Amino acid sequence: MKKVKFALVGAGDGIGKFHLKALLENKDAELVSVCDINESTLKALCDTYGPLPVCTDYHELLKKELVDAVCIATPDQLHREMVVNFLSAGIHVLCEKPLALHSEDCKAMLEAEINSTAKLMVGQVCRKTPGFIKAKEIVDAGLIGELLFVESEYAHDYSHMPLHWRNDPKNPRHPVTGGGCHAVDLLRWIVGDPTEAYAYTNKKVLGDAWPCDDTAIAVLKFPNDVMGKVFVSTGCKRDYTMRTVLYGTKGTVITDNTSPQISLFLESFEGRNSFLGSPMQSIEIKLPVTINNHNVGEEINDFVNILVQDKEVDIPGREGAATIAVCEAIIKSAASGKPETIQYL
């Protein structure tokens, strides 16, 4: 079977290295180029992984006879131009989250996808996280009844990070869009598309070096009268977490992308409302899961399989665009001080 010829664009950040490793390990993928504007980054990668085909200008890759597909792991501000150019050239694209920083950029990407024979997949990697997959399976199976309230958080202290593209004052990367899109997308995936957002933000940690507020709280109105909450902080003093809680009429799921287990509480189990004198809902059922909070390997495997078998993309461009629409409504609400209707493309 012919291998899918892949290029990786953007290898300097940690996520780019995850893509590189996954591509090298996939038996159906052939890495034909690693592109980064920083030559020292390319040299370091070659020192680590052995000789690699490299280039410093992604325009060299815009030839379908050279490349079948590309992974874009560049700064968010560059996604629109690159995605549009590759799709227009008929080259399949896996673009890292967020798809873009603004809906107008997402719209241009979706239009390019419509006018192309190529496929576009978004790297919303929480959908590949074992604990979150298990939580969604529990909800979909009806084990905790009808959802009534859901919450997720993106808590990741950026204060130790160097000043770079994440805090570009010319094109600010709001933490709700840049990192919080994980929590927003996760709840959308499990519950559906919210219709309204009401939010507050503040800035008490990162200081003037960062152009945006560093902490946000948003209340979301989901379908079927489900209430939701998203908490985002890029300055909080704790270990990285995406703790997520799903409350249903018959039980509760508590999960995290950094824990080796998820917790399940049920009103009853196999017809029993109590166990050894304790109410069943007070007993924590611990389900073991694999920790893999950046499961790019599975993301790459799925994308390669989609291309080889010519299947529909499981996280298409419209999903990335919908998540950005929610993030924009959250940011807009914090500025206006009132609820904002979410404007999906």
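The values are calculated or read from the model by the stated rules, or taken from the named source; none is laboratory data. Here the structure is a predicted model, which is why all the values come from computation and not from measurement. As a convention, Cβ positions derive from the backbone with ideal geometry for all residues, glycine included, and neighbour counts pool all protein chains shown. Remember, those area values only see protein heavy atoms, side chains included, never the ligands or the DNA or RNA. Shrake-Rupley method; radii C 1.70, N 1.55, O 1.52, S 1.80 Å.
With the Cα gyration tensor of region 10-121 in hand, convert its eigenvalues to equivalent ellipsoid semi-axes via √(5λ) and list them largest first in whole Å.
Semi-axes, largest first: 24, 15, 12 Å.
To the nearest 10 square angstrom, how much accessible area does THR201 have with a 1.4 angstrom probe?
Estimated to the nearest 10 Å², THR201 gives 40 Å².
So, counting K/R as plus one and D/E as minus one, what does the shell of residues with Cβ under 14 Å around PHE275 add up to?
Taking every other residue near PHE275 into account, the sum is -2.
Mind checking the dipole of the chain: about its Cα centre, +1 per Lys or Arg Cβ, -1 per Asp or Glu Cβ, Debye to the nearest 20?
380
Have a look at HIS164, HIS59, HIS102 and tell me which one the Gaussian network model of the chain (Cα, springs below 10 Å) gives the largest fluctuation.
Per the Cα network of the chain with a 10 Å cutoff, HIS164 tops the list.
Find, among the trypsin sites (Lys or Arg not before Pro) in region 280-341, those assigned to loop by DSSP (not H, G, I, E, B) with at most 16 other beta-carbon atoms within 10 angstrom.
LYS311
Projecting each Cα onto the charge dipole of the chain (Lys/Arg +1, Asp/Glu -1 at the beta carbon, about the Cα centre), which of LEU23, GLN309, PHE269 comes out farthest on the positive side?
Farthest along the dipole direction, towards plus: PHE269.
Evaluate the Kirkwood expression for the hydrodynamic radius of region 246-301, namely the inverse of the mean inverse distance over all pairs of different C-alpha atoms, and round to one decimal in Å.
By the Kirkwood definition, the hydrodynamic radius is 12.9 Å.
Let me check the size of region 81-220 from its C-alpha atoms; what are the radius of gyration and Dmax in Å?
17.4, 48
Anyone know which of LEU276, LEU62, LEU246 comes out most mobile in the 10 Å Cα GNM of the chain?
In the Gaussian network model the winner is LEU276.
log₁₀ I(q)/I(0) of region 21-70 at q = 0.19, 0.23, 0.28 Å⁻¹, via Debye over equal Cα point scatterers, no solvent, to two decimals?
For the requested q values the scattering log ratios are -0.67, -0.94, -1.18.
Rg (Å, one decimal) plus Dmax (Å, integer) for the alpha carbons of region 282-326?
15.8, 48
Among all helices in the chain defined by DSSP H, which have a length of 20 Å or more along the axis from Cα atoms plus a Kyte-Doolittle mean of at least -1.0?
Flagged H segments are 317-336.
For region 247-318 and region 108-133, compute the distance between their C-alpha centroids and round to whole Å.
Centre-to-centre (Cα) distance: 21 Å.
Under 15 Å from the Cβ of LYS63, count the other residues' Cβ atoms, weight Lys and Arg +1, Asp and Glu -1, and hand me the total.
Every neighbour counted, the sum reads -2.
What translational D, rounded to a whole number of µm²/s, comes out for region 259-345 from Stokes-Einstein when the hydrodynamic radius is the Kirkwood one over Cα pairs, at 10 °C and 1.306 mPa s?
D, rounded to a whole number, is 89 µm²/s.
Would you tally the net charge around ALA183, using a Cβ to Cβ cut-off of less than 9 Å, leaving ALA183 out, and scoring K and R as +1, D and E as -1?
Overall, the nearby charge balance is -3.
What distance in nm separates the simple spin-label points at GLU284 and TYR200, each placed 7 Å from Cα in the Cβ direction?
Those two pseudo-labels are separated by 2.9 nm.
Round to the nearest 0.05 the FRET efficiency obtained for TYR49 and ASN292 when R0 = 22 Å and r is the Cβ-Cβ distance.
Computed FRET efficiency for TYR49 and ASN292: 0.55.
Over all directions, what mean area does the Cα convex hull of the chain project, stated in square nanometres?
Computed as one quarter of the Cα hull surface, the answer is 19.2 nm².
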